[in-house]
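Note sheet for the following structure.
The values are calculated or read from the model by the stated rules, or taken from the named source; none is laboratory data. Keep in mind that this is a model prediction, so the values were computed, not measured. In this analysis, Cβ positions are derived from the backbone assuming ideal geometry, glycine residues included, and neighbour counts consider all displayed protein chains.
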Amino acid sequence: MAVYEIPLTGVSQNLTVTLAGVAYQFTVTWRDYVSTYFLDIADGSGNTLVTGIALVPGSNLIGQFKPIGFGGMLKVVTPAGNAFPPNFGDFGSVAHLMFVTP
(Lines give C-alpha, C1' and ligand atoms only; values in the text may rest on other atoms or scores of the structure.)
Protein backbone atom coordinates (compact mmCIF):
# COMPACT_ATOMS: atom_id res chain seq x y z
CA MET A 1 0.00 0.00 0.00
CA ALA A 2 1.22 3.48 -0.89
CA VAL A 3 -0.26 6.80 0.22
CA TYR A 4 0.09 10.03 -1.76
CA GLU A 5 -1.18 13.49 -0.86
CA ILE A 6 -2.89 15.48 -3.62
CA PRO A 7 -1.35 18.97 -3.21
CA LEU A 8 -4.42 21.11 -2.62
CA THR A 9 -4.47 24.60 -1.22
CA GLY A 10 -7.36 26.24 0.60
CA VAL A 11 -8.95 27.81 -2.49
CA SER A 12 -10.83 26.68 -5.60
CA GLN A 13 -8.30 25.38 -8.13
CA ASN A 14 -7.47 23.34 -11.23
CA LEU A 15 -4.53 20.95 -11.26
CA THR A 16 -3.16 17.93 -13.08
CA VAL A 17 -2.75 14.87 -10.86
CA THR A 18 -1.21 11.50 -11.67
CA LEU A 19 -2.99 8.57 -10.00
CA ALA A 20 -1.54 5.08 -10.44
CA GLY A 21 0.44 6.29 -13.46
CA VAL A 22 -2.48 8.01 -15.23
CA ALA A 23 -2.82 11.80 -15.57
CA TYR A 24 -6.13 13.39 -14.58
CA GLN A 25 -7.36 16.97 -14.39
CA PHE A 26 -8.87 17.87 -11.02
CA THR A 27 -11.14 20.87 -10.55
CA VAL A 28 -11.79 21.68 -6.90
CA THR A 29 -14.51 24.24 -6.19
CA TRP A 30 -15.75 25.74 -2.93
CA ARG A 31 -19.54 26.19 -2.86
CA ASP A 32 -20.61 28.76 -0.26
CA TYR A 33 -24.26 27.73 -0.21
CA VAL A 34 -23.39 24.29 1.24
CA SER A 35 -19.99 25.19 2.78
CA THR A 36 -18.29 22.28 1.02
CA TYR A 37 -15.55 21.67 -1.54
CA PHE A 38 -16.50 19.64 -4.62
CA LEU A 39 -14.29 17.72 -7.05
CA ASP A 40 -14.66 17.18 -10.79
CA ILE A 41 -12.30 14.74 -12.52
CA ALA A 42 -11.43 14.74 -16.23
CA ASP A 43 -8.98 12.59 -18.16
CA GLY A 44 -5.70 14.02 -19.42
CA SER A 45 -7.45 15.33 -22.55
CA GLY A 46 -10.09 17.20 -20.56
CA ASN A 47 -12.95 14.74 -21.12
CA THR A 48 -15.21 14.72 -18.06
CA LEU A 49 -15.19 11.47 -16.09
CA VAL A 50 -16.85 12.38 -12.77
CA THR A 51 -18.44 15.59 -11.47
CA GLY A 52 -19.74 16.86 -8.17
CA ILE A 53 -17.92 14.68 -5.64
CA ALA A 54 -18.31 16.30 -2.21
CA LEU A 55 -14.92 16.36 -0.48
CA VAL A 56 -15.99 15.03 2.91
CA PRO A 57 -14.13 12.62 5.18
CA GLY A 58 -15.25 9.10 5.94
CA SER A 59 -15.31 7.12 2.72
CA ASN A 60 -13.57 6.30 -0.53
CA LEU A 61 -14.70 9.23 -2.69
CA ILE A 62 -14.15 7.32 -5.95
CA GLY A 63 -15.27 3.88 -4.75
CA GLN A 64 -18.50 3.97 -6.74
CA PHE A 65 -16.54 4.65 -9.95
CA LYS A 66 -14.52 1.38 -10.07
CA PRO A 67 -15.26 0.83 -13.81
CA ILE A 68 -13.24 3.99 -14.57
CA GLY A 69 -10.20 2.27 -13.07
CA PHE A 70 -8.61 4.94 -10.88
CA GLY A 71 -6.44 2.24 -9.28
CA GLY A 72 -6.92 3.18 -5.64
CA MET A 73 -8.95 5.08 -3.06
CA LEU A 74 -9.35 8.84 -2.67
CA LYS A 75 -9.98 10.02 0.90
CA VAL A 76 -10.21 13.29 2.81
CA VAL A 77 -8.30 13.27 6.09
CA THR A 78 -8.90 15.85 8.83
CA PRO A 79 -7.84 16.09 12.49
CA ALA A 80 -11.50 15.77 13.48
CA GLY A 81 -11.66 12.37 11.80
CA ASN A 82 -14.95 11.74 10.04
CA ALA A 83 -16.91 14.23 12.15
CA PHE A 84 -16.64 17.41 10.09
CA PRO A 85 -15.92 18.31 6.45
CA PRO A 86 -13.09 20.77 5.70
CA ASN A 87 -13.88 24.46 6.00
CA PHE A 88 -12.89 27.04 3.39
CA GLY A 89 -9.10 27.38 3.48
CA ASP A 90 -8.47 24.06 5.28
CA PHE A 91 -6.92 22.05 2.43
CA GLY A 92 -3.14 21.98 2.60
CA SER A 93 -3.10 22.88 6.28
CA VAL A 94 -5.55 20.91 8.42
CA ALA A 95 -7.34 18.90 5.71
CA HIS A 96 -5.66 16.64 3.18
CA LEU A 97 -6.80 14.76 0.08
CA MET A 98 -5.05 11.41 -0.03
CA PHE A 99 -4.78 8.77 -2.78
CA VAL A 100 -4.18 5.25 -1.46
CA THR A 101 -3.13 2.39 -3.74
CA PRO A 102 -3.60 -1.27 -2.77
Pairs, first on the phi > 0 side of the Ramachandran plot in segment 35-53, second at pLDDT below 95, C-beta under 8 Å, six or more apart: 35/85; 35/87; 35/88
Single condition residue 23 does not satisfy, out of (1) out of contact with any Leu (no Cβ under 8 Å at 6 or more places or on another chain); (2) assigned to a strand (DSSP E or B); (3) surrounded by 13 or more Cβ atoms within 10 Å (Cβ to Cβ): (3)
The one condition in (1) over 14 Å from residue 99 (Cα atoms); (2) at pLDDT 95 or above; (3) of a type in the set (A, V, I, L, M, F, W, C) that residue 83 fails to fulfil: (2)
Of all residues making up segment 39-67, the number that are surrounded by 14 or more Cβ atoms within 10 Å (Cβ to Cβ), assigned to a loop (DSSP other than H, G, I, E, B) and of a type outside the set (A, V, I, L, M): 2
Residues of segment 1-49 satisfying the condition of being under 17 Å from residue 98 (Cβ atoms) and in contact with a helix residue (DSSP H, G or I) (Cβ under 9 Å, 6 or more places away or on another chain): 41
Residue check, residue 9 of a type outside the set (Phe, Trp, Tyr) and either in contact with a His (Cβ under 7 Å, 6 or more places away or on another chain) or part of a strand (DSSP E or B) (or both): no
All positions within segment 9-20 that are within 13 Å of residue 74 (Cα to Cα) and either loosely packed, with under 13 Cβ neighbours inside 10 Å or not small (Gly, Ala, Ser) (or both): 17, 18, 19
Only one of 78, 36 that is touching a strand residue (DSSP E or B) at 6+ places or on another chain (Cβ under 7 Å), surrounded by 14 or more Cβ atoms within 10 Å (Cβ to Cβ) and at pLDDT below 90: 78
